[in-house]
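Notes follow the structure.
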Amino acid sequence: MAISDQEFEPRIVAFVCTWCTYAGADLAGTSRLKYASNVRVIRVPCSGRVDPLYVVKAFERGADGVLVSGCHPGDCHYAEGNYYARRRWTVFRDLLLFLGVEEERLQFSWVSAAEGAKWAELINGLTAKLRGIGPFRGYRELVEASSGPS
C-alpha cells in the first residue's frame, strides 16, 4: 500500500553528542519549544564516535534521513572529535552517493548546549526538507533487485 504525500512523515535518526547537542535538545524540550516529533535521538559520547556504518544501518532499517550533530568546532569536550566527524563526512559522502542515498538525506550540524532554539529549527527544517524529497526507497530497491529471481 503506497503512502500519499500528505500522509508521509519522515523517520529521522539523530546521532547527537552527549555534551552539547543532547543538552541543546533537552533545553528545547524544557523550554517547551515546538518541533517535529519525527526524530529518534541516539546519544553518543562525541560526534567523532559515529561510525559511518551506523549511518548506513539507519538507512537500511528504514530511516528517511540521518542527522549527526555535536559540539561546535573548537569546543569539543574531547578536543578534536568533531573535526574527525567533519573529515569523515567529506570522505563518506561519495560512498553514500554510490549506495544510492541522496546527499540531502544526511545532515551534519553543530548545536551547543545553549542552542535549544537552534535544535528546534534544525529538526523542523530537516523534517520539512525530507517531506519534500519523499520516503527513502533506494536501499530497499537495491536489496529487492539483488535478491530477485536469478
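Points worth noting:
- Only residues that are under 17 Å from T127 (Cα atoms) and in a loop (DSSP other than H, G, I, E, B) were counted across the stretch 16-40, and they come to 6.
- Of everything listed in (1) within 26 Å of F8 (Cβ to Cβ); (2) within 15 Å of the chain's Cα centre (by Cα), the single unmet condition for L97 is (2).
- Residue within the stretch 77-85 that is closer than 22 Å to E7 by Cα, in a helix (DSSP H, G or I) and touching a Gly at 6+ places or on another chain (Cβ under 7 Å) present: no
- Residue selected from the stretch 51-63 under the condition more than 11 Å from the chain's Cα centre (by Cα) and without any contact (Cβ under 8 Å) to a residue 40 or more places away in the chain, by the criterion farthest from R105 (Cα to Cα): D51
- Restricting V66, V16, V91 to those that are within 21 Å of W110 (Cα to Cα) and at pLDDT below 90 reduces the list to V91.
- Any hit, the stretch 107-114, residues being closer than 25 Å to E9 by Cα and of a type in the set (G, A, S): yes
- Residues (in contact with a Lys or Arg (Cβ under 8 Å, 6 or more places away or on another chain) and either among the aliphatic types (A, V, I, L, M) or free of Cβ contacts under 8 Å to residues at least 12 places away in the same chain (or both)) located in the stretch 64-74: V66
- Residues in the stretch 91-107 that are within 30 Å of T30 (Cβ to Cβ) and either touching a residue at least 60 places away in the same chain (Cβ under 8 Å) or assigned to a helix (DSSP H, G or I) (or both): R105 alone.
- For the condition among the polar types (S, T, N, Q), over 26 Å from E9 (Cβ atoms) and in contact with a Pro (Cβ under 6 Å, 6 or more places away or on another chain), N38 does not qualify.
- Scope the stretch 43-76; condition charged (D, E, K, R), outside any helix (DSSP H, G or I) and under 24 Å from K118 (Cα atoms); matching residues: R43, D64, D75
The values are calculated or read from the model by the stated rules, or taken from the named source; none is laboratory data. Note that the coordinates shown come from a computational prediction; the quantities given were computed from them, not determined experimentally. Neighbour counts are summed over all protein chains in view; Cβ atoms, including those assigned to glycine, are modelled from backbone coordinates with ideal geometry.
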